[in-house]
Structures are given as structure tokens and as C-alpha cells.
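Student: Submitted below is the structure of interest, expressed as C-alpha cells.
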């Protein structure tokens with residue numbers, strides 16, 4: 001088992017609750033901007049403590065192209081989709097649906113890297129899809145027609161899961177040539193101007209939002225930035241560098257368990273039978289895919 005990946009996944013499990021807390025005081029764009037900005041500061045400090053500065057100057061043109069693609073994938077397909085989705089659904093649903101990421105990883109591996117497609121993997125894929133449908137519909141398709149149903153939020157979380165799978169797959173290739181810390185640091189550094197431009201285009205006043213934040217909001221942002229972004233991303237990429245992607249991604253099972261417990265205890269969220277059964281189907285399906 002990879003302890004690096006385990007710590008990263010536990011931090012990400014708690015991130016769903018922290019994001020909900022921060023979203024009570026910040027817009028999604030501002031939250032992601034603060035997360036990548038403060039995360040970049042922390043990562044650069046870690047980089048300067050070691051020999052990462054030397055390593056980072058040896059990035060090839062191909063490496064820079066890969067990093068640029070990872071920035072766009074991380075910012076738009078993963079982080080923004082997840083935060084906007086969480087604004088419209090529960091932390092528990094978000095954590096359950098994000099565990100679909102290994103299914104997308106399997107699909108990418110099968111299509112681009114020739115990973116064998118066995119009957120058990122197909123069965124697991126279908127089981128997880130049925131489980132996610134159960135979670136999204138709350139066990140009743142008629143609820144999709146009701147006002148206020150978090151369908152859009154749930155679907156955005158699924159898009160975020162696909163974005164994370166693409167991000168991890170692209171990053172795996174890059175890490176065959178580079179060490180994790182310089183790569184993650186550059187991704188965060190380049191994400192800052194991208195998010196700053198997006199925040200400016202949104203027309204929302206960041207300084208005004210910051211002036212209204214409470215200690216609870218700042219604590220959530222700090223946890224998301226330094227724990228879930230800087231530390232967790234560095235640990236995740238180090239794990240990917242040392243082990244097969246399928247072995248590392250299986251630890252995503254723990255995310256919904258952490259998020260569910262914290263969602264109930266911290267946010268007073270409730271769950272229904274469909275959430276429990278559907279979540280079990282998702283986890284079982286992903287387990288079959290990763291066998």
C-alpha cells in the first residue's frame with residue numbers, strides 16, 4: 001500500500017466538507033483562485049528547501065507542453081467543475097461520485113495504453129454506473145423533475161471525476177521523465193494567472209469577498225490550499241511515480257467514507273437508502289475494475 005496516496009486521499013475526503021464551508025463565504029472562482037495561490041506559495045517553499053530549483057530548469061519543451069495541458073485540465077475540468085458542483089449538491093454525494101475517477105482511468109488506459117478489458121471489468125463498470133445513477137436520482141427518477149434537485153451539481157462532479165482521471169493519466173507520462181515536486185509546483189504556479197484572469201472576467205470583487213470572510217472560512221481555505229492542494233498533490237504524484245496507477249487509484253474508496261462521516265458530523269447532512277446502496281454499488285464496481 002502507498003502511504004503517500006493514502007494520506008492524499010484522506011485529505012481529499014475531508015476537502016469536500018471544507019469546500020462546502022468555504023463556499024458559504026466565497027464564490028467558486030474565488031475559492032479556486034485562493035486555493036491554487038496559497039497552494040503555490042507552499043509548494044514553492046518546499047521546492048526551494050531542496051534541489052527542486054535545479055531540476056525544474058531542465059524541463060524540456062515537451063515537458064512544458066504537458067504541464068500546460070495539465071494546468072488546463074486541473075483548473076477547468078477538475079477543480080472548477082468540482083467546486084461549482086459542490087455548490088449545488090451535498091459533500092456526501094460529491095465524494096461518492098468523485099470515486100468514479102478510477103472508471104475513467106480504466107477507460108483511458110484501455111483506449112490509449114491497451115489495458116485488457118475483461119468481463120469482470122465491464123461488469124464493474126456497469127455496476128458503478130448504475131450505482132451513480134441511484135445516488136443522483138435518490139432512488140426515484142421522479143425527483144429529477146422537482147425544483148431544487150441537485151442534478152446539475154451531481155453531473156458536474158462526474159465531469160470533475162473524468163477530469164481527474166485525465167489529469168492523472170497525463171501526469172503519469174510526465175512523471176516518467178520528471179520528479180513530482182517540480183511538476184506539481186509548476187502546475188500550481190501557472191494555474192494562478194489562469195484563475196486570476198478568470199476571476200477578473202467574472203466581474204466579482206475579490207477584496208470585498210475577503211473582507212467579509214470569517215475565521216471558519218479562512219480555516220477551510222487554508223486546509224484546502226496547504227493540506228488538500230500542496231501536500232496532497234505532491235504526495236499523490238510521488239505515489240504515481242512509484243506505483244502503477246491502478247494500484248494507487250484504488251485508495252479513492254476511502255474518500256466517500258471520510259466525507260460521509262464529516263458531512264454528517266460537521267454539516268449535519270443526511271443520507272437516504274439510495275445513497276448508501278448506490279454508494280456501495282459504486283465502490284464495488286470500482287473494486288471489480290481495479291482487480
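Student: If I filter the stretch 126-140 down to residues being surrounded by 19 or more Cβ atoms within 10 Å (Cβ to Cβ) and within 17 Å of residue 288 (Cα to Cα), which single residue comes out as modelled with the highest pLDDT?
Tutor: At the first step, the residues of the stretch 126-140 found to be surrounded by 19 or more Cβ atoms within 10 Å (Cβ to Cβ) are 127-128, 131-132, 134-136, 138.
Next, only the ones that are within 17 Å of residue 288 (Cα to Cα) stay: 127-128, 131-132.
Values: 127: 90, 128: 87, 131: 87, 132: 87.
Looking at the filtered set, the residue picked out is 127.
Student: Taking the conditions exactly as written (surrounded by fewer than 21 Cβ atoms within 10 Å (Cβ to Cβ), at pLDDT 85 or above and closer than 23 Å to residue 228 by Cβ), does residue 196 satisfy them or not?
Tutor: Details: surrounded by fewer than 21 Cβ atoms within 10 Å (Cβ to Cβ): yes; at pLDDT 85 or above: yes; closer than 23 Å to residue 228 by Cβ: yes.
Against the criterion (surrounded by fewer than 21 Cβ atoms within 10 Å (Cβ to Cβ), at pLDDT 85 or above and closer than 23 Å to residue 228 by Cβ), residue 196 qualifies.
Student: A follow-up question, please. Determine if the stretch 12-21 includes at least one residue that is crowded, with 18+ Cβ neighbours inside 10 Å, under 17 Å from the mean Cα position of the chain (by Cα), assigned to a helix (DSSP H, G or I) and without any contact (Cβ under 8 Å) to a residue 60 or more places away in the chain.
Tutor: No, the stretch 12-21 contains no residue that is crowded, with 18+ Cβ neighbours inside 10 Å, under 17 Å from the mean Cα position of the chain (by Cα), assigned to a helix (DSSP H, G or I) and without any contact (Cβ under 8 Å) to a residue 60 or more places away in the chain.
Student: Here's another thing I want to ask about it. Output yes when any residue across the stretch 70-90 is at pLDDT 90 or above and more than 30 Å from residue 284 (Cα to Cα), and no when none is.
Tutor: Yes, some residue in the stretch 70-90 is at pLDDT 90 or above and more than 30 Å from residue 284 (Cα to Cα).
Student: For the stretch 268-279, give me the residue count where each residue is in a helix (DSSP H, G or I), over 12 Å from residue 95 (Cβ atoms) and touching a residue at least 40 places away in the same chain (Cβ under 8 Å). Even if it seems obvious, please write down each step before you answer.
Tutor: Here is the first cut: in the stretch 268-279, the ones in a helix (DSSP H, G or I) are 273-279.
If we keep only those that are over 12 Å from residue 95 (Cβ atoms) as well, we get 273-274, 276-278.
With the extra rule that they be touching a residue at least 40 places away in the same chain (Cβ under 8 Å), the set shrinks to 273-274, 277-278.
Going through the stretch 268-279 one residue at a time, the tally reaches 4.
Student: In addition: Listed residues 74, 27; which is within 19 Å of residue 221 (Cα to Cα) and crowded, with 23+ Cβ neighbours inside 10 Å? Don't jump to the end; show me each part of the working.
Tutor: Numbers: 27 fails: crowded, with 23+ Cβ neighbours inside 10 Å.
Every option except 74 fails the conditions.
Student: When the stretch 80-102 is examined, which residues are found to be part of a helix (DSSP H, G or I) and surrounded by fewer than 24 Cβ atoms within 10 Å (Cβ to Cβ)? Let's see the steps before the verdict.
Tutor: Initially, the stretch 80-102 is screened for residues part of a helix (DSSP H, G or I), giving 80-86, 91-98, 101-102.
Hits for the stretch 80-102 are 80, 81, 84.
Student: What number goes with the only condition from (1) more than 23 Å from residue 214 (Cβ to Cβ); (2) crowded, with 24+ Cβ neighbours inside 10 Å that residue 36 does not pass?
Tutor: Failing condition for residue 36: (1).
The values are calculated or read from the model by the stated rules, or taken from the named source; none is laboratory data. Bear in mind that the values here come from a model prediction, so they are computed numbers and not experimental data. When we count neighbours, we look across all protein chains shown, and the Cβ atoms used for this are built from the backbone with ideal geometry, even at glycine.
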